[in-house]
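Peer 1: My questions will all concern the structure given below.
What follows draws every value from the coordinates through simple rules; no lab data is involved. In this text the structure is predicted, and so the values were computed from the model without any measurement. Ideal geometry is used to build each Cβ from the backbone, glycine not excepted, and the neighbour counts take in all protein chains shown.
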Amino acid sequence: MSVELQVLMWSVVLGFVHVIASSHAKSLQRGYRWIASARDEQVPALTGAAGRLERALNNYLETFPFFAALVLVAHAAGVHSPLTVWGSFLFLGARVVYLPLYALAVPLVRSLVWNVAAIGMLLFVIALVRG
């Protein structure tokens, strides 16, 4: 399995970490009875770490499909280069760092780290355009 596909697999694992962290924080704030309910009633927005973990999950879910598509297109096209390897590591590494930064409400650095992940995806685009 290529490095890029391995990183994609670990990115899926990171997605599960996001889901579990957000779910547990939500459960702690709203209670396990609410989690087990049909959740038909309107509830206020999550606050504190629970809200930040939910937003971090949503942010991950917004970017992960683009990364996955880039990895799969590169794999299908037979494009494997230092750009795709670096792009993979930059995306996953930055997204791993991004989660605790968001959970801990670290403002500016978090945004810079998000940009590192975006640069990782851009490296894939450059590699694919170059062929």
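Peer 1: What is the gain in length, in nm to one decimal, between HIS80 and SER27 on full extension, counting 0.36 nm per residue of separation less the C-alpha to C-alpha distance?
Peer 2: On the way: separation 53, 0.36 × 53 = 19.08 nm, distance 4.22 nm.
Result for the pair: 14.9 nm of gain on full extension.
Peer 1: If I stretch the segment between VAL17 and ILE35 completely, what's the gain in nm (0.36 nm per residue apart, minus their alpha carbon distance), one decimal? Before the final figure, lay out the partial values.
Peer 2: On the way: separation 18, 0.36 × 18 = 6.48 nm, distance 1.81 nm.
Gain in length upon complete extension: 4.7 nm.
Peer 1: Count the net charge of all other residues whose Cβ sits under 13 Å from the Cβ of LEU101, scoring Lys and Arg as +1 and Asp and Glu as -1. Mind dumping the intermediate values first?
Peer 2: Values: positive: ARG52, ARG55, ARG95, ARG110; negative: none.
Computed value for this residue: +4.
Peer 1: Rounded to the nearest 0.05, what FRET efficiency is calculated for ARG130 and MET1 with R0 set to 30 Å and r the Cβ-Cβ distance? Write down the numbers at each step before the final one.
Peer 2: Numbers: r = 23 Å, r/R0 = 0.77.
Given R0 = 30 Å and the Cβ-Cβ separation, E is 0.85.
Peer 1: Grab the other residues whose beta carbon is less than 13 angstrom from that of ALA45, score K and R as +1, D and E as -1, and report the net.
Peer 2: Computed value for this residue: +3.
Peer 1: Given Cβ point charges of +1 (Lys, Arg) and -1 (Asp, Glu) and nothing else, what value in debye, to the nearest 20, does the dipole of the chain about its Cα centre take?
Peer 2: Values: 9 positive and 5 negative charges, 49 e Å.
The calculation lands at about 240 debye.
Peer 1: Can you give me the relative contact order of the chain as a percent, contacts being Cα pairs under 8 Å and 6 or more apart? If you can, show how the numbers build up before the last one.
Peer 2: Details: 119 pairs, mean separation 40.2, N = 131.
After rounding, I find 31 percent.
Peer 1: On to the next question. Taking only Cα atoms, what is the 0 to 90° angle, nearest 10, from helix 107-130's long axis to the longest principal axis of the chain?
Peer 2: Helix 107-130 sits at roughly 30 degrees to that axis.
Peer 1: Could you work out the local net charge near SER23, counting Lys and Arg as +1, Asp and Glu as -1, over the other residues with Cβ closer than 12 Å to its Cβ? Can you show the working numbers first?
Peer 2: Numbers: positive: LYS26, ARG30; negative: GLU54.
Value of the local net charge: +1.
Peer 1: While we're looking at this one, here's another question. Order these by the 10 Å Cβ neighbour count, fewest first: SER11, SER81.
Peer 2: On the way: SER11 20, SER81 17.
Neighbour counts put them in this order, fewest first: SER81, SER11.
Peer 1: Let me ask something additional. So what's the back-of-envelope 222 nm ellipticity for the chain, counting only DSSP H runs of four-plus at -39500 (n - 2.57) apiece and dividing by all residues, rounded to 500? The partial results should precede the final answer.
Peer 2: Numbers: 5 runs with 109 residues, N = 131.
The helix contribution divided over the chain gives -29000 deg cm²/dmol.
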